[in-house]
1. Pulled fully out, how much extra length does the chain show between residue 85 and residue 10, if you take 0.36 nm times their separation in residues and subtract their Cα-Cα distance?
2. So which GluC sites (Glu not before Pro) in region 172-210 are both in a DSSP loop and have at most 15 other Cβ atoms within 10 Å of their Cβ?
3. Could you please report the charge total around residue 78, scoring K, R as +1 and D, E as -1 over all other residues with beta-carbon less than 10 angstrom from its beta-carbon?
4. List the pair-distance distribution P(r) of the chain, using every Cα-Cα distance, as the percent of pairs falling in each 20 Å bin from 0 up to the bin containing the longest distance, rounded to whole percents.
5. Could you work out what % of the accessible surface of the chain is carbon and sulfur, using a 1.4 angstrom probe and leaving DNA, RNA and ligands out of the count?
6. Return the equivalent ellipsoid semi-axes of region 278-338 as a descending list in whole Å, where each equals the square root of 5 times an eigenvalue of the C-alpha gyration tensor.
7. With an 8 Å cut-off on Cα pairs and a minimum separation of 6 or more residues, tell me the relative contact order of region 12-242 in percent.
8. In terms of modelled amide H atoms, which long-range or inter-chain residues lie less than 5 Å from the amide H of residue 294?
Amino acid sequence: MRKPVKQRRSAEDRYRFVERVDARRAEETRKGLSFDYLRGDLHTHTCYSDGFGEVSESVATMSARGLDFLFITDHNTVRQKVECRGHRNVWWGQEPGAGPQHVCILDIERKYRPVGRIGEDAARLRAMGCFFFYPHPTGWFPSTHYAPERIAALGEAGDRFAMEILNGFGRLEPFYDTWTAETEALWDGYLSEGRRVTGLGASDAHGPLAVGNVWTGVVGARLNKRAVLAGLRSGNVFASSGPALHIESGGAPMSGEIRNPGRELRLRLECADARGLNWARVISQGRELRRIELRGAKHCDRTLSLPLPRGARYVRAECAAVDDRRAYANPIYLLPCG
Ligand SMILES: [Zn+2]
Ligand SMILES: [Zn+2]
């Protein structure tokens, strides 16, 4: 007697399934929140550079995962723009190497040729009025860990810049690992010095199935390229691989500032995930100020009174879902008196 052949799901089937679950989860997560946001992937590749998918395949995943917008940021080219124009809310950017770090530029029409020195390129891009950010500032999964000098070179970007906190490269599903932990520590280091560094999330997908495994939530923006870029510039955004997360204090939004904050801060923290939340925490000067155990709750909206460490320059928040998908709220900046 012949044994029955066991049907195994192919990897592709499996991830098509994940996308559908993700889209449902994202839609349910949005319900009942006091803030609204657009979900978009800021950093993806196709066969126009070293990715292996077509633009249309990335767009299919964008729709399947329920993303609102997508940037296709191929390396050293903007030739993909012709195809992007044929799709709604699909925009192009570019990701050249710029010396020790890569840089994602979202809003120039032409190919940018970097000088290769971080400070100089940052100054040129600012002079051109571009929105840009540094992807994977500590390297990328599974094997590229930047040396400390290479990471430190990012400091030349200045007192205000944007970088990825979550990078989804080489993954089909979200994750938390040593790259993310290192990037978090780097972020807290810059913020503790008083720099203003916007944290973003993006997939860095090199194949269509990974598009949108990590994304950025742009709070309160309308769905067009100009409004999304203005939202990204304002920093009223959160990085995520699943949950929605938002903080505000006394009318100051994420990336807003509070002068003379005193010794205690009232902070409203709201987060949600349709799958259930594990915890949320508030951080200042690289230390945890408050941790909230959420035990599978789908929504949390609390106003916290937080004692501020002396000389604190910022507060920020994170949360994790029960499956460890995470979100990072951008900081509220504190300006001590004097
Ligand atoms: Zn890169
Ligand atoms: Zn990339």
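The values are calculated or read from the model by the stated rules, or taken from the named source; none is laboratory data. Just so we're clear, the structure is a prediction, and the values are computed from it rather than from any experiment. All Cβ positions, even for glycine, are placed from backbone atoms using ideal geometry, and neighbour counts span all protein chains on display. Keep in mind that these areas ignore ligands, DNA and RNA; they rest on the heavy atoms of the full protein, side chains included. Shrake-Rupley method; radii C 1.70, N 1.55, O 1.52, S 1.80 Å.
1. Extending this stretch completely gives an extra 23.8 nm.
2. 193
3. +2
4. Over the chain, the share of Cα pairs per 20 Å bin runs 33, 58, 9, 1, 0 percent.
5. 48 percent
6. The answer is 25, 11, 9 Å, longest axis first.
7. 23 percent
8. 279, 280
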